[in-house]
């Protein structure tokens, strides 16, 4: 039977939040920085609506991801790949080293290692290319005729969708769920953490910390 080690990215492997990094990078980019103002104005209403608690968090996050890609509309697949690889290279210095060690240790012990995140898949692939990760699942960027178009829809991998995409990816495989591990930092990671026999909370938010303490899970600070 296959044993898994499933890792979240933001706040778990990567100590920061990817979307904040994306915003800063676009703002300072020597070529695409001129697109930042229009992008920033486009996200104000959904973000303020979320803060006013009239717009669900999941919808807000998916909306922001789509609007970020809209700021890159018209770029070729190669240009988008280069753009996200440059961001990923900057991220590697902010990896949580104990989590990196856990990935390496699980891989050595024969676990099937997975990164499951709402971050864009090209960033994830580039960021973990040097780590022993067997499968990366993120938010894919739809490319049509070699470019990304504003009309393209995305499937943002978040919350309970993570559980769905994990099961889809492992369809037909026999999994030792009780012997598997999962790592996450947020309450929204609970659907994945509850899948396994060894859930690990990494610098958890308040809601997840309460659950982790109550259930006596391992907590990495």
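Quick note: the coordinates plus some simple rules give every number you see, no bench work behind them. Here the structure is a predicted model, which means the values were calculated and not measured. FYI the Cβ positions are ideal-geometry reconstructions off the backbone, even for glycines, and counts take in every protein chain you see.
Can you tell me the length gained on complete extension of the stretch residue 164 to residue 82, counting 0.36 nm per residue apart and subtracting the Cα distance?
On the way: separation 82, 0.36 × 82 = 29.52 nm, distance 2.95 nm.
Contour length minus Cα-Cα distance gives 26.6 nm.
For the chain, set up a GNM with springs between Cα atoms under 10 Å and report which of 141, 45, 166 has the largest fluctuation.
45
Going by C-beta contacts inside 10 Å, put 155, 36, 111 in order with the fewest on the left. Working shown, then result.
On the way: 155 11, 36 17, 111 22.
Sorted ascending by nearby Cβ count, the order is 155, 36, 111.
Note the angle between two axes, namely the Cα long axis of helix 18-28 and the longest principal axis of the Cα atoms of the chain, as a number of degrees from 0 to 90, rounded to the nearest 10.
30 degrees
Please compute the length gained on full extension between residue 1 and residue 105, using 0.36 nm multiplied by the number of residues separating them and subtracting their Cα-Cα distance.
Details: separation 104, 0.36 × 104 = 37.44 nm, distance 1.87 nm.
Contour length minus Cα-Cα distance gives 35.6 nm.
Taking 2.2 N^0.38 Å as the expected size of a compact globular protein, what ratio does the Cα radius of gyration of the chain give against it, to two decimals? Please report the intermediate quantities before stating the final value.
Values: Rg = 17.7 Å, N = 221, 2.2 N^0.38 = 17.1 Å.
Against the empirical 2.2 N^0.38 Å value, I get 1.03 for the chain.
Quick one: which of 90-101, 174-185 comes out on top by average Cβ neighbours within 10 Å, and what's the full order, highest first? Provide the component values of the computation, followed by the final result.
Numbers: 90-101: 14.2, 174-185: 19.0.
Highest-to-lowest ranking by the protection proxy: 174-185, 90-101.
Round to the nearest 10 and give me the degree value, 0 to 90, for the angle of helix 97-108's Cα axis relative to the longest principal axis of the chain.
60 degrees
Determine, from the Cβ-Cβ distance of residue 176 and residue 57 and an R0 of 25 Å, the FRET efficiency 1/(1 + (r/R0)^6), rounded to the nearest 0.05.
Calculated value: 0.15.
Using Cα springs under 10 Å in a Gaussian network model of the chain, which residue among 200, 164, 128 shows the largest mean-square fluctuation?
164
So what's the angle, to the nearest 10 degrees on a 0 to 90 scale, between helix 77-91 and the longest Cα principal axis of the chain?
60 degrees
Tell me, 134, 159 in order of fewest to most beta-carbon neighbours within 10 Å? Show your work: numbers first, answer last.
On the way: 134 13, 159 19.
Fewest to most other Cβ atoms nearby, the residues stand as 134, 159.
Starting from the Cα gyration tensor of region 1-102, multiply each eigenvalue by 5, take the square root, and state the resulting semi-axes largest first in whole Å.
On the way: eigenvalues 139, 84, 34 Å².
They are 26, 20, 13 Å, listed largest first.
How much mean residue ellipticity at 222 nm does the chain get from its helices, if each DSSP H run of length 4 or more adds -39500 (n - 2.57) and you divide by all residues, to the nearest 500 deg cm²/dmol?
On the way: 9 runs with 99 residues, N = 221.
That calculation yields -13500 deg cm²/dmol at 222 nm.
For a protection proxy built on the mean count of beta-carbon atoms within 10 angstrom, sort 55-62, 114-121 highest first, please.
On the way: 55-62: 15.5, 114-121: 24.5.
Order by mean packing, descending: 114-121, 55-62.
Got a sec? How would 109, 189 order by Cβ neighbour count within 10 Å, fewest to most? Before the final figure, lay out each step's value.
Values: 109 9, 189 29.
Least crowded to most crowded, the residues run 109, 189.
For region 105-120 and region 23-76, write down the distance between their C-alpha centroids in whole Å.
Region 105-120 and region 23-76 have Cα centres separated by 29 Å.
Given a cut-off of under 8 Å on Cα pairs at least six residues apart, what relative contact order in percent is computed for the chain?
Values: 343 pairs, mean separation 55.7, N = 221.
Relative contact order of the chain: 25 percent.
Would you mind calculating the gained length between residue 37 and residue 130 on full extension (0.36 nm times residue separation, minus the Cα-Cα distance), in nm to one decimal? Present the calculation step by step, with values, prior to reporting the outcome.
Values: separation 93, 0.36 × 93 = 33.48 nm, distance 3.44 nm.
Extra length available between residue 37 and residue 130 comes to 30.0 nm.
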